[in-house]
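K.L.:
After the structure tokens below, expect a handful of questions from me.
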Amino acid sequence: MDTELKKLVEDCLQKLGAESFKREVKSLLNKDNEKDTLTIIVNEGIHPASPIHEHGEIYVASQGNIDFSSKEIVEKEFKKILIGVAQKLKSKPWKKVYLVPFGPAVLSMQIKLLVYRILYIETIDFLYAGYGNYYDLDINLRIIAAES
């Protein structure tokens with residue numbers, strides 16, 4: 001590796017941190033394969049990230065603990081997070097959206113509904129089933145609604 005490239009990698013690692021740097025590099029590598037695909041990680045840092053559930057471009061909706069000290073604070077934080085997600089969803093015509101529902105279940109539900117309201121597509125939901133088992137659940141709710 002030439003010295004300029006090595007310096008660039010070291011600077012990126014220093015500025016972004018190892019996890020963010022890895023995510024950005026993976027996202028760049030996946031761009032051509034899944035250029036119209038977005039993975040939304042609802043809350044990063046609560047559970048360990050895994051490349052198994054990273055498809056296309058990665059968007060982290062929130063990180064770390066959310067303040068639940070009052071209803072007003074929760075609503076304010078959720079709205080801020082949801083506005084960021086909405087802006088990301090409107091940034092290009094996504095054809096597929098994966099949802100990694102780490103963090104508060106209510107926030108994951110709100111993001112799932114927001115994806116549908118903006119893009120009119122269902123999310124593919126990541127499920128950790130325990131014992132090292134992971135699934136991408138692609139359930140078409142329109143079919144269930146129509147057939148029931």
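K.L.:
For Y120, project a label point 7 Å along Cα to C-beta. Then give me every residue of the range 79-93 with its amide nitrogen under 16 Å of that point.
P.N.:
90, 93
K.L.:
Under a 1.4 Å probe, what is the accessible area of the chain per residue, stated in Å²?
P.N.:
Ligands and nucleic acids excluded, the result is 67 Å² per residue.
K.L.:
Tell me which residues come under 5 Å, amide H to amide H, from Y98 once H is placed; ignore anything under 5 positions away on its chain.
P.N.:
L38, T39, I40, I124
K.L.:
Then there is this: So which of K71/K96; K15/K80; K22/K92; K15/K88; K35/K112; K76/K96 end up more than 30 Å apart, counting from Cα to Cα?
P.N.:
Beyond 30 Å: K71/K96.
K.L.:
Something else now. How far is helix 18-30 tilted off the main Cα axis of the chain, in degrees rounded to 10, range 0 to 90?
P.N.:
80 degrees
K.L.:
Still on this structure, please answer the following. Placing unit charges on C-beta atoms (Lys and Arg positive, Asp and Glu negative, everything else neutral), compute the dipole magnitude of the chain about its Cα centre in debye, rounded to 20.
P.N.:
440 debye
K.L.:
Enter the angle in degrees (range 0 to 90, nearest 10) between the Cα long axis of helix 71-89 and the first principal axis of the Cα atoms of the chain, meaning the one along which they spread out most.
P.N.:
Value to nearest ten degrees: 70.
K.L.:
Same structure, new question: Find how much the distance from M109 to A86 grows on full extension, using 0.36 nm per residue of separation minus their present alpha carbon separation; answer in nm with one decimal.
P.N.:
6.9 nm
K.L.:
Note the listed values [x] 156; [y] 112; [z] 124, then indicate which one is volume of the Cα convex hull per residue in Å³ calculated from this particular structure.
P.N.:
Answer by label: [x].
K.L.:
How would you rank 38-45, 99-106, highest first, on the average number of other Cβ atoms within 10 Å across their residues?
P.N.:
Top to bottom by mean Cβ count within 10 Å: 38-45, 99-106.
K.L.:
Taking just the alpha-carbon atoms of the range 89-148, what radius of gyration and Dmax come out, in angstrom?
P.N.:
That works out to 12.7, 37 Å for Rg and Dmax.
K.L.:
Calculate, in nm to one decimal, what A18 and K71 gain on full extension: separation in residues at 0.36 nm each, minus their alpha carbon distance.
P.N.:
Net length gain for the segment: 15.6 nm.
K.L.:
When the accessible area of the chain is computed with all protein chains present and a 1.4 Å probe, what percentage of it is carbon and sulfur?
P.N.:
Ligands and nucleic acids excluded, carbon and sulfur reach 57 percent.
K.L.:
Among the DSSP beta bridges whose two residues both lie in the chain, what percent are antiparallel, rounded to the nearest 5?
P.N.:
Looking only at bridges with both residues in the chain, the antiparallel portion is about 30 percent.
The values are calculated or read from the model by the stated rules, or taken from the named source; none is laboratory data. Values in this document were obtained by computation on a predicted structure and should not be read as measured data. Counting neighbours? That spans all protein chains shown, and the Cβs are built from the backbone with ideal geometry, glycine included. The accessibility values were calculated without ligands, DNA or RNA, using every heavy atom of the protein model including side chains. Shrake-Rupley method; radii C 1.70, N 1.55, O 1.52, S 1.80 Å.
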